[in-house]
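The values are calculated or read from the model by the stated rules, or taken from the named source; none is laboratory data. Here the structure is a predicted model, which is why all the values come from computation and not from measurement. Cβ placement follows ideal geometry from the backbone for every residue including glycine, while neighbour counts extend to all protein chains displayed.
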Amino acid sequence: MKINRKLKMGMVGGGPGAFIGEVHRKASRMDGQIELVAGAFDIDPEKSKQMGKQLYLDPKRTYGTYKEMIDAELSLPEGERIDFVSVTTPNNWHFPIARDFLKAGFNVMCEKPMTFNVKEAKDLQKLVKKTGKVFGLMHNYTGYPMVKLARDLARAGDLGEIRKIVVQYPQGWLATALEKTGHMQASWRTDPKQSGGAGCMGDIGTHAENLSEYITGLKITQLCADLTIFVKGRRLDDDGNCLLRFNNGARGILHASQISIGEENNLAIWVYGEKKSLEWHQEHPNYLYVKEPDGPVQVWRRGNGYVAAKSPAAGRATRLPSGHPEAFFEAFANIYCNFADTVRAHIAGETPDELALDFPKVEDGLRGMLFIDTVLASAKSKQKWTPFKKG
């Protein structure tokens, strides 16, 4: 059954003052294929209503709890109820919300890290398989066109056998005890009851892990981790360093920090092969650098025909001509675009296009949780190498 309308989106989280929820809302609208029609935006029902008013939603579809939202939306006819929900809450709520919406028959887009712990991630993976619903995970950096180009160059063998991967994500915003000032984003991210067992490594280290595996197609098999809490009184790590081993024998270094003063969102990756290497920086996302032993540095620039010719996925993810920068919101929108096309195909009983399936899924979420668990185990262990935990 094809649907000739916008997909209807619900949201849990993203209430007044939230950062990432607003990014989701703006990005989901970008291609004109999705409309936000309902939400339970805050754990405080009054704040949820306030957010609904700000978004000009029907008051009847602004709910006090996500469970009210499920019941009310199910009572609506197909075509009027939401087609999927976006979960943009603190980490401890991801699993129960995603679980209950999946069980109720809704598709789900979820923020990362996917769950609070590995057990929840495994349970969610089983549930996604059982329900057959579309589940997307918002590892937004995989949405950048030049990241997709990097992936296609690396996996096509243009670099030769991959030998080394260096990936970093330094920030400086938590260099002081910001959580003690009432700062909402800092408060929940440094709270183990809301964030989970890891702080910096769970929040941004998982992005670095995901990027390394997405671009190369390799899997981390062992790691050696060192975690530190630099800010006095903080309960979760704010800095971490990992040595990595990959399943093809490649070696790697992963560094994530939230106390690196002067850094903003300096996610970057270097992939070194036996023939060539590549380099990409999130703060300059429209350029991919390719280097070879005896030649000038190649600068691949987003929006040019040669990029799309090499990587149809990068071409699909490009909205503007070259020279007009695309970045953070567009990367989110690219994830939503592929997710939405896949949802449409499932509703129609069709097989989604291969390019539309290019978005992070529940398996990527489980890898992220296993990464966090392995890092925490390694940081506490006296042995040098800790095997990557199995899914």
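Results, tabulated for the structure shown:
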item: Condition met for residue 224 (within 17 Å of residue 374 (Cα to Cα), in the same structural domain as residue 252 (by TED's automatic domain parsing) and buried (at least 22 other Cβ atoms within 10 Å of the Cβ)); result: no
item: Any strands (runs of 3 or more DSSP E) falling wholly within region 266-364 and containing at least 2 residues that are within 17 Å of residue 155 (Cα to Cα), touching a strand residue (DSSP E or B) at 6+ places or on another chain (Cβ under 9 Å) and of a type outside the set (Lys, Arg); result: 268-273, 277-281, 287-291
item: Hits in region 295-351 (condition: β-branched (Val, Ile, Thr), out of contact with any helix residue (DSSP H, G or I) (no Cβ under 7 Å at 6 or more places or on another chain) and not assigned by TED's automatic domain parsing to the domain that holds residue 36); result: 297, 299
item: Residue check for residue 380: surrounded by fewer than 22 Cβ atoms within 10 Å (Cβ to Cβ), among the basic types (Lys, Arg) and touching a residue at least 40 places away in the same chain (Cβ under 8 Å); result: no
item: Flag for residue 373 being part of a helix (DSSP H, G or I) and either over 20 Å from residue 206 (Cα atoms) or charged (D, E, K, R) (or both); result: yes
item: Filtered residue count, region 74-105, keeping only those that are more than 21 Å from the chain's Cα centre (by Cα) and under 13 Å from residue 40 (Cα atoms); result: 1
item: Candidate set from region 105-161 (those that are aromatic (Phe, Trp, Tyr) and touching a Gly at 6+ places or on another chain (Cβ under 9 Å)); member that is farthest from residue 293 (Cα to Cα); result: 106
item: Selection count, region 126-181, where residues are among the polar types (S, T, N, Q), surrounded by fewer than 21 Cβ atoms within 10 Å (Cβ to Cβ) and assigned to a helix (DSSP H, G or I); result: 2
item: For residue 254: the one exception among (1) buried (at least 16 other Cβ atoms within 10 Å of the Cβ); (2) assigned to a loop (DSSP other than H, G, I, E, B); result: (2)
item: Subset of region 68-114 [assigned to a strand (DSSP E or B) and of a type outside the set (S, T, N, Q)]; result: 84, 85, 87, 108, 109, 110
item: Tally, over region 1-58, of residues that are part of a helix (DSSP H, G or I) and either in contact (Cβ under 8 Å) with a residue 60 or more places away in the chain or among the aliphatic types (A, V, I, L, M) (or both); result: 8
item: Any hit, region 12-34, residues being in contact with a His (Cβ under 7 Å, 6 or more places away or on another chain) and modelled with pLDDT of 95 or more; result: yes
item: Cβ pairs under 8 Å, 6+ apart, first in region 186-213 and on the phi > 0 side of the Ramachandran plot, second crowded, with 22+ Cβ neighbours inside 10 Å and among the aromatic types (Phe, Trp, Tyr); result: 196/116
